[in-house]
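S.K.: Provided herewith is a single structure, encoded as structure tokens, for subsequent inquiry.
The values are calculated or read from the model by the stated rules, or taken from the named source; none is laboratory data. From a predicted model like this one, the values you see are computed outputs, not experimental measurements. Cβ placement follows ideal geometry from the backbone for every residue including glycine, while neighbour counts extend to all protein chains displayed. We work out accessible area using only protein heavy atoms, side chains counted, and drop any ligands, DNA or RNA first. Shrake-Rupley method; radii C 1.70, N 1.55, O 1.52, S 1.80 Å.
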Amino acid sequence: MRQKKIRFFLQIGVLFLIITCNFCSAQQCEFDNRSIDSTTFAETRTALNQLSVDQFEKRVFTNEFATIPYRFLLPKNFNPKKKYPLVITFHNSSRIGTDNENQLEHLARTWVRGDIYAKFNCFVIAPQFEKRSSNYEPNQDDILIAKPSRDAQQILGLIDNIETEYPNIDINRIYLIGYSMGASTTQNLMRLAPDKFAAMISIAAVPDLSNLNAFKRKNIWLIHGEKDSENPYVGSKILYEKLQGNHRLKFTTFKNLQHNNIVIPFLLTDELHKWLFTKHR
């Protein structure tokens, strides 16, 4: 009788271990049912618009292929003897231009919120593209896919320049984040140079499906609204499904949000920043 009990508990233990291991290695898929009313939408955007962006230095990167204006943020109380992460944030298509101002959309502005700037010390690059940084076209399955522009590919050279200028950048903590066209650009760059980046957050993207091996073991957070009719939700869903087995992949679906309000839940929190800062190459 005693041996049967021991065998029973051993079997339960093995079963629990198997379930636990499967859970730990599984991708994260979560659904969020919240809605954003017009008041919350307006108040959130106003709060970000009122932030000063003077801390973002105006710069221009030039090489033989492109001239790219960008804004550059030093860590608060910058110490040349310390190592800091580097964040590259990409704007959506409504911010295309050359004024070196308009690319500081709401997602980029979160980095100079008082609480974020103090808590998440890092370098931030916010480039501006004169033309689309990511172009969309249907694949053989009639799914929109994203391809990087020539200018977008030059961001890798810009990063190399910044790393040379600031050797105290933590090369194991270089992060990509973007919304809409900018989210597609994060995927394009992760695909082009997967060994360069520790993590990416891609919000409402048209996916880059051209080299899924580049994404297999990367820290990726896909965020999309199920009601998005501009960059169809199905693209993120397909990318998530094609990356089965990557336990570092997280997919958040907002069931009631659309393209234009998908970033609102994150603009006054530190959820995105906190997730990025736990990731290493």
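S.K.: Comparing SER93, SER210, SER236, which has the greatest mean-square fluctuation in the GNM of the chain with Cα pairs linked when under 10 Å apart?
M.R.: SER210
S.K.: Which three semi-axes in whole Å describe the equivalent ellipsoid of segment 170-281, each the square root of 5 times a Cα gyration tensor eigenvalue, listed largest first?
M.R.: Whole-Å semi-axes of the equivalent ellipsoid: 21, 17, 12.
S.K.: Right, here's the next one. So how do TYR84, TYR166 rank on accessible area, 1.4 Å probe, biggest first, that is with the largest at the start?
M.R.: Putting TYR84, TYR166 in descending order of accessible area: TYR166, TYR84.
S.K.: Multiply the residue gap between GLU137 and TYR166 by 0.36 nm, knock off their C-alpha separation, and tell me the result in nm, one decimal place.
M.R.: Stretched out fully, the GLU137 to TYR166 stretch lengthens by 6.7 nm.
S.K.: For segment 30-86, evaluate the Debye formula with one uniform point scatterer on each Cα (no solvent term) and list log10 I(q)/I(0) at q = 0.13, 0.17, 0.25 Å⁻¹, rounded to two decimals.
M.R.: Result of the Debye calculation: -0.70, -0.87, -1.02.
S.K.: Please list PHE31, PHE277 from largest to smallest accessible area, probe radius 1.4 Å, with all protein chains kept in place.
M.R.: PHE31, PHE277
S.K.: Can you tell me the alpha carbon radius of gyration of the chain divided by the globular rule-of-thumb value 2.2 N^0.38 Å? Kindly include the intermediate steps, with their values, before the conclusion.
M.R.: On the way: Rg = 20.5 Å, N = 281, 2.2 N^0.38 = 18.7 Å.
Normalised Cα radius of gyration, the chain: 1.09.
S.K.: Sticking with this structure for a sec: Could you size up the charge dipole of segment 154-281 around its Cα centre, putting +1 on the beta carbon of Lys and Arg and -1 on that of Asp and Glu, and report it in debye to the nearest 20?
M.R.: On the way: 15 positive and 12 negative charges, 109 e Å.
In debye, rounded to 20, segment 154-281 gives about 520.
S.K.: When we measure straight from the Cα of LYS227, which lysines land under 24 angstrom away, once same-chain ones fewer than 8 places off are left out?
M.R.: Excluding near neighbours in sequence, the set is LYS147, LYS237, LYS242, LYS250, LYS255.
S.K.: Could you quote the convex hull projected area for segment 57-121, Cα atoms only and averaged over all directions, in nm²?
M.R.: Working: hull surface 21.7 nm².
Spelled out: convex hull of the Cα atoms, projected over all directions, averaged, 5.4 nm².
S.K.: Rounded to the nearest 500 deg cm²/dmol, what is the calculated helix-only ellipticity per residue at 222 nm for the chain, with -39500 (n - 2.57) per DSSP H run of length n ≥ 4? Intermediate values should be presented prior to the final figure.
M.R.: Details: 9 runs with 90 residues, N = 281.
One gets -9500 deg cm²/dmol as the mean residue ellipticity at 222 nm.
S.K.: Would you work out the charge dipole size for segment 214-281 about its Cα centre, treating the Cβ of every Lys and Arg as +1 and the Cβ of every Asp and Glu as -1, and quote it to the nearest 20 debye?
M.R.: 500 debye
S.K.: Tell me which lysines have Cα within less than 30 Å of LYS82's Cα, excluding those fewer than 8 residues away on the same chain?
M.R.: Leaving aside lysines fewer than 8 places away in the same chain, those within reach of LYS82 are LYS58, LYS119, LYS196, LYS218, LYS274, LYS279.
S.K.: So what is the diffusion coefficient of segment 56-207 in µm² per second by Stokes-Einstein at 20 °C and 1.002 mPa s, using a Kirkwood Rh over Cα pairs?
M.R.: Using the Kirkwood radius from Cα pairs, D works out to 138 µm²/s.
S.K.: For the chain, give me the percentage of DSSP beta bridges that are antiparallel, rounded to the nearest 5 percent. Please report the intermediate quantities before stating the final value.
M.R.: Working: 15 of 45 bridges.
Here the antiparallel bridges make up roughly 35 percent for the chain.
S.K.: Dipole magnitude of the chain about its Cα centre, charges +1 at Lys/Arg Cβ and -1 at Asp/Glu Cβ only, in debye to the nearest 20?
M.R.: Working: 36 positive and 28 negative charges, 332 e Å.
So the magnitude is around 1600 debye.
S.K.: Mind telling me which of LYS147, LYS218, LYS83 comes out most flexible in a GNM of the chain, alpha-carbon contacts under 10 Å?
M.R.: LYS83
S.K.: Using a 1.4 Å probe and ignoring any ligands, DNA or RNA, find the accessible area of ARG191 and quote it in Å² to the nearest 10.
M.R.: Taking all protein chains as shown, ARG191 has close to 50 Å².
S.K.: Moving on. If a helix is a whole DSSP H run, which ones in the chain reach 18 Å or further along their own axis (Cα) and hold a mean Kyte-Doolittle hydropathy of at least -0.5?
M.R.: Membrane-span-like by this rule: 2-25.
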